[in-house]
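Colleague: One structure, pasted below without further comment.
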């Protein structure tokens with residue numbers, strides 16, 4: 001059952017349909033100790049949210065002992081900053097209900113595919129510690145994710161951009177200033193969360209340079225990063241269960257998650 005992020009109505013909502021009301025679908029695990037949690041942002045070029053990058057990924061995370069939440073964020077015709085507001089709110093909501101859902105509020109990550117990877121990387125580079133003066137107590141909670149998992153992500157709106165994602169998020173006449181502002185490799189700081197990245201070298205939709213740029217920025221700022229590149233594979237592989245090489249990324253990510261949360265959790 002999905003939970004609206006703003007039960008009384010979301011900011012900038014154009015109507016009252018499900019498309020206008022962002023939500024999260026919880027996939028909670030049962031555990032003796034509070035578990036980590038990951039918010040999942042499916043891809044879709046900021047026009048849709050791909051199903052194969054939602055529930056199957058949540059169930060994989062559950063198999064690792066991690067609670068998961070699939071984010072139904074708003075897409076075209078909504079523009080920036082609406083999707084980012086939805087992602088930030090999702091992080092705050094999960095932390096707000098952490099005790100009720102048996103989640104460790106200090107272990108809340110975000111995972112995104114393709115354009116959902118851009119959204120996740122934006123949440124991980126454009127966060128705040130909460131507004132202590134806010135009337136809504138959820139808005140007083142920090143929106144920084146504790147880690148990021150970025151799968152063949154859109155990162156830049158520069159030379160290696162995915163034009164469709166840029167147009168849908170920023171508009172076809174987006175200024176250079178706005179494109180630079182939302183190129184998340186430019187927003188990395190030492191406070192950016194540790195990140196796991198994977199991509200295929202011949203991705204024909206989102207060039208692998210997107211992951212290279214983000215990994216390089218993380219390294220420059222001494223943020224822990226792990227990057228895996230596969231020689232070949234189409235865009236949008238999801239869990240890649242049938243791919244002869246990329247099927248290993250969930251296993252590699254599992255090891256990385258255990259290392260991150262055993263160190264930082």
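Colleague: Which one is surrounded by the most Cβ atoms within 10 Å (Cβ to Cβ), of the residues in the range 3-27 that are touching a helix residue (DSSP H, G or I) at 6+ places or on another chain (Cβ under 8 Å) and in a loop (DSSP other than H, G, I, E, B)? Before the answer, list the steps.
Modeller: As a first pass, look at the range 3-27 and keep what is touching a helix residue (DSSP H, G or I) at 6+ places or on another chain (Cβ under 8 Å): 3, 5-6, 10-14, 22, 24-25, 27.
With in a loop (DSSP other than H, G, I, E, B) added as a condition, the list becomes 5-6, 10-14, 22.
Values: 5: 23, 6: 17, 10: 21, 11: 12, 12: 12, 13: 16, 14: 12, 22: 25.
Among those that are touching a helix residue (DSSP H, G or I) at 6+ places or on another chain (Cβ under 8 Å) and in a loop (DSSP other than H, G, I, E, B), it is 22.
Colleague: Give the residues of the range 13-33 that are at pLDDT 95 or above and either within 15 Å of the chain's Cα centre (by Cα) or within 23 Å of residue 166 (Cβ to Cβ) (or both), sorted by residue number.
Modeller: Selection gives 22, 23, 24, 25.
Colleague: Hey, can you tell me all the residues within the range 183-194 that are crowded, with 21+ Cβ neighbours inside 10 Å and out of contact with any helix residue (DSSP H, G or I) (no Cβ under 6 Å at 6 or more places or on another chain)?
Modeller: The answer is 183, and nothing else.
Colleague: Something else: With the requirement that a residue be more than 12 Å from the chain's Cα centre (by Cα) and part of a loop (DSSP other than H, G, I, E, B), what does the range 49-73 give you?
Modeller: Passing the criteria: 49, 50, 64, 65, 66.
To keep it simple, each residue is scored yes or no on (1) assigned to a loop (DSSP other than H, G, I, E, B); (2) in contact with a strand residue (DSSP E or B) (Cβ under 6 Å, 6 or more places away or on another chain); (3) over 25 Å from residue 146 (Cβ atoms); (4) modelled with pLDDT under 95.
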site: 234; (1), (2), (3), (4): yes, no, yes, no
site: 238; (1), (2), (3), (4): yes, no, no, no
site: 241; (1), (2), (3), (4): yes, no, yes, no
site: 247; (1), (2), (3), (4): no, no, yes, no
site: 250; (1), (2), (3), (4): no, no, no, no
site: 253; (1), (2), (3), (4): no, yes, no, no
site: 259; (1), (2), (3), (4): no, no, no, no
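Colleague: Inside the range 34-57, can you point out the residues that are more than 16 Å from residue 114 (Cα to Cα), out of contact with any helix residue (DSSP H, G or I) (no Cβ under 6 Å at 6 or more places or on another chain) and either modelled with pLDDT under 95 or surrounded by 21 or more Cβ atoms within 10 Å (Cβ to Cβ) (or both)?
Modeller: Of everything in the range 34-57, just one residue is more than 16 Å from residue 114 (Cα to Cα), out of contact with any helix residue (DSSP H, G or I) (no Cβ under 6 Å at 6 or more places or on another chain) and either modelled with pLDDT under 95 or surrounded by 21 or more Cβ atoms within 10 Å (Cβ to Cβ) (or both), namely 35.
The values are calculated or read from the model by the stated rules, or taken from the named source; none is laboratory data. These numbers were taken from a predicted model, which means no experiment stands behind them. Reconstructed Cβ throughout: ideal geometry from the backbone, glycine too, with neighbour counts over all protein chains shown.
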